[in-house]
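The values are calculated or read from the model by the stated rules, or taken from the named source; none is laboratory data. Since we're looking at a predicted model, the values are computed, not measured. In this analysis, Cβ positions are derived from the backbone assuming ideal geometry, glycine residues included, and neighbour counts consider all displayed protein chains. Just so you know, the surface numbers come from the protein's heavy atoms only, side chains and all, with ligands and any DNA or RNA stripped out. Shrake-Rupley method; radii C 1.70, N 1.55, O 1.52, S 1.80 Å.
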Amino acid sequence: MKKSTKAILWIVLAVLAIAVALLLLLKKEDKQVLVYQVTTLEPTTISSSVTATGTVEPVKQVEVGTQVSGIISKIYVDYNSVVKEGQLIAELDMSVLRTELESSRANLNSAKVEYDYQTRNYERIKGLYEKELVSATEFEQAQYSYDKARFSYSQAQSNYSKSQKNIGYAKIYSPIDGVVLSRAVDEGQTVASGFSTPTLFTIANDLTAMRVIANVDEADIGAVKEGQRVDFEVDAYPEDTFRGTVTQVRLQATTTSNVVTYQVVIDAPNPDLKLMPGLTANITIYTLDKHDVLAVPVRALRFTPENEKYQENTVWRQLQDGSLERTSVTLGVSDGVQTEILEGLSAGDRVVTGTKLVSAGGKMPDPSKMQSQQGGNNNPFMPRRPQRGENKRTE
């Protein structure tokens, strides 16, 4: 029994030894080499953006009120009614206003009679005073009565004119062509003008031309300019993307809970009338937006091979034989990930962006595909004689 146990133990140890030996052998054969990461230049788009939220509203919106107090007797429009400029939309009860008009007319007539009398009396006393037939006191009294009557007559004329206009204000007309967004009164309701004009209706001019008032954070507002392209979405149509353009950047800041924002006005064409006033818009403003340009990753501008000195505005281009060539470039705009190349490179050029370690898979890699940076005869910066079956280096 003991001999059998020892035999099993020796067998297990032998298997473990063989496994460890095989593992070490495979690990030794799994060699890693350093290769270049390469990108091929093609026309692309460089863009950067800022995000914000805003509210959809009509471009032109008018609040219609009343300048006189009274009872609403008639309403001729409702929500969503289409109206024309000058169309009658409501009327106030005019019985009280007519009474005021009659009273002011009577006061005007009385004031005119008094004014005419005092005018004749003043002219008569003045003539006698000039002939020294009346005293100065009588003349001054006649002049005082004349001036008082003249002022009273002028005031009566103003009151009568005001009463006439109030009769006209009792009929409320639409000031613009548009659509009624809101109606704040009902027939029989009393409205009082007081110190402020009460709003009876809100009318939007043209719902096919909307705008979005966006609140942009102070950290982003410096990059926002008029004319920039805008995409935005609303929760009512989650599958649709609406487009617009920045038309105004307002200078007035708004502070809410210690957060400073600025209002940006964005035009929002609405030909199919999907956008409704008051919708919340999630906005993307493209502060940088260039199409069909050549660009390299930013890391390509920072890459420098071993034993080479770093130089600004240069990249390393891979030639057909696998060697590298320093190339000076003229840079354009950058979005932080890619940088535009204005001069120095062409479409199809292969630019090195970095290096990486890859496994040789138990055999030495093809020198045309995997360039080591250990110097010697395999220097990637010296042209090499093409070898049979040599291919381009892969990324």
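Worth a mention:
- Charge tally around PRO43: other residues with Cβ under 13 Å, Lys/Arg +1 each, Asp/Glu -1 each, net -3.
- Taking a straight Cα-Cα cut-off under 16 Å and skipping sequence neighbours fewer than 8 places away in the same chain, the aspartates and glutamates within cross-link reach of LYS131 are GLU123, GLU140.
- With a Förster radius of 56 Å applied to the beta-carbon distance between LYS165 and ASN258, the computed FRET efficiency rounds to 0.70.
- The value given for the stretch 20-172 is a Kirkwood hydrodynamic radius of 24.8 Å, derived from the mean inverse Cα-Cα separation.
- Candidates per GluC sites (Glu not before Pro) in the stretch 206-288, loop by DSSP, up to 14 other Cβ within 10 Å: GLU218, GLU226, GLU239
- Length available on full extension from SER73 to GLN143: 0.36 nm per residue minus the Cα-Cα distance, which gives 20.3 nm.
- Normalised Debye scattering of the stretch 189-282 at q = 0.13, 0.16, 0.20, 0.23 Å⁻¹ gives log10 I(q)/I(0) of -0.59, -0.80, -1.01, -1.15, counting only Cα atoms as equal scatterers and leaving out solvent.
- Extents of the stretch 80-126, largest first, come to 69, 22, 8 Å (Cα atoms, principal axes, whole angstrom).
- Solvent-accessible area per residue, Å², over the stretch 145-196 with all protein chains present [probe radius 1.4 Å]: 59
- Over the chain: helical MRE at 222 nm, DSSP H runs n ≥ 4 each giving -39500 (n - 2.57), nearest 500: -9500 deg cm²/dmol
- Amide N of the stretch 139-172 lying under 16 Å from the label point, which is placed 7 angstrom from the Cα of GLU123 along Cα→Cβ: 143, 146-147, 150
- When each of LYS112/LYS162; LYS60/LYS165; LYS84/LYS274; LYS74/LYS274; LYS112/LYS165; LYS84/LYS165 is checked by Cα-Cα distance, pairs over 29 Å: LYS74/LYS274
- Springs between Cα atoms under 10 Å define the GNM used for the chain, and in it the highest mean-square fluctuation of MET210, MET276, MET94 occurs at MET94.
- Sorting 116-128, 65-77 by their mean Cβ neighbour count within 10 Å, with the most densely packed peptide first, gives 65-77, 116-128.
- Of the DSSP H helices in the chain, those whose Cα atoms cover at least 18 Å axially and whose Kyte score averages -0.5 or more: 2-29
- With every protein chain in place, the chain: carbon and sulfur % of accessible area (1.4 Å): 51
- Treating each Cα of the stretch 251-332 as an identical point scatterer and summing with the Debye formula, the log10 of I(q)/I(0) at q = 0.21, 0.25 Å⁻¹ comes to -1.12, -1.30.
- For the stretch 217-287: accessible area per residue (Å², 1.4 Å): 58
- Proximal aspartates and glutamates to LYS225, defined as alpha-carbon separation beneath 16 angstrom and excluding residues fewer than eight positions away on the same chain: ASP217, ASP267, ASP289
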